[in-house]
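Let me begin by presenting the structure, written as structure tokens, before commenting on it.
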Amino acid sequence: MKELAITWQRLVDGAGATCPRCAGTQQEMAQAVERLRAALEPLGVRPVLETHEIDPATFLQQPEQSNRIWIGGRPLEDWLGARSGTSTCCDACGDAQCRTLEVDGARHEVIPQALLVRAGLIAASRLLDPSLSHPPST
């Protein structure tokens, strides 16, 4: 079975807490991975989620690295023709300018399940047929 790697990283503070943005994305990610499993395993593709924690010191230097997602080794933005943006966050992030996803004219702080599934399906199609062209980098 081929593996579709999905990597997600986010800030986790010393108490194990994160912000509502990352907590919401975590819930959306869990549901998206389950939907992708149901759709892709019959085709011989298994989505594998790997999560990474960013410590507060690293986050303070690079807040845009929190809530960042790669699918099949490429940034989520590449698969969706999207771009990353920023907006003020809260809680564990303080008032840092944290990552957002801008796609189809909308800005998302919590990455919706539907976008994660869409990107996963596109990436899986390239995994199953490498002759398909990759989406343009943003």
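The values are calculated or read from the model by the stated rules, or taken from the named source; none is laboratory data. Only a predicted model underlies this, so the values are computations on that prediction, with no experimental measurement involved. All Cβ positions, glycine included, derive from the backbone under ideal geometry; neighbour counts span all protein chains shown. Note: accessible area is taken over every heavy atom of the protein model, side chains too, but ligands, DNA and RNA are not part of it. Shrake-Rupley method; radii C 1.70, N 1.55, O 1.52, S 1.80 Å.
Numbers at a glance
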| read-out | value |
| --- | --- |
| For the chain, calculated [θ]222 nm from helices alone, where every DSSP H run of n ≥ 4 adds -39500 (n - 2.57) | -11000 deg cm²/dmol |
| Area projected by the alpha carbon convex hull of the stretch 22-69, averaged over all directions, nm² | 3.7 nm² |
| Arg118, Arg68, Arg37, reordered so the largest accessible area comes first (probe 1.4 Å) | Arg118, Arg37, Arg68 |
| On Cα atoms only, tilt of 113-128 relative to the major axis of the chain in degrees | 40 degrees |
| Environment charge at Leu11 (Cβ cut-off 15 Å; Lys +1, Arg +1, Asp -1, Glu -1) | -3 |
| From the C-alpha gyration tensor of the chain, square roots of 5λ in Å | 27, 16, 12 |
| Whole-number percent relative contact order across the chain, with pairs defined as alpha carbons under 8 Å at least 6 apart | 31 percent |
| Helix 20-40 axis, angle to the chain major axis (alpha carbon atoms, nearest 10°) | 10 degrees |
| Karplus-derived 3J(HN,Hα), 6.51/-1.76/1.60, for each residue of the stretch 98-105, Hz, glycine and proline x | 9, 5, 10, 10, 10, 8, 6, x |
| Rel. contact order, % - alpha carbon contacts under 8 angstrom, at least six apart, the stretch 1-81 | 50 percent |
| Distant-in-sequence amide H partners of Gly85 (H built 1.01 Å from N, under 5 Å) | Thr100, Leu101, Glu102 |
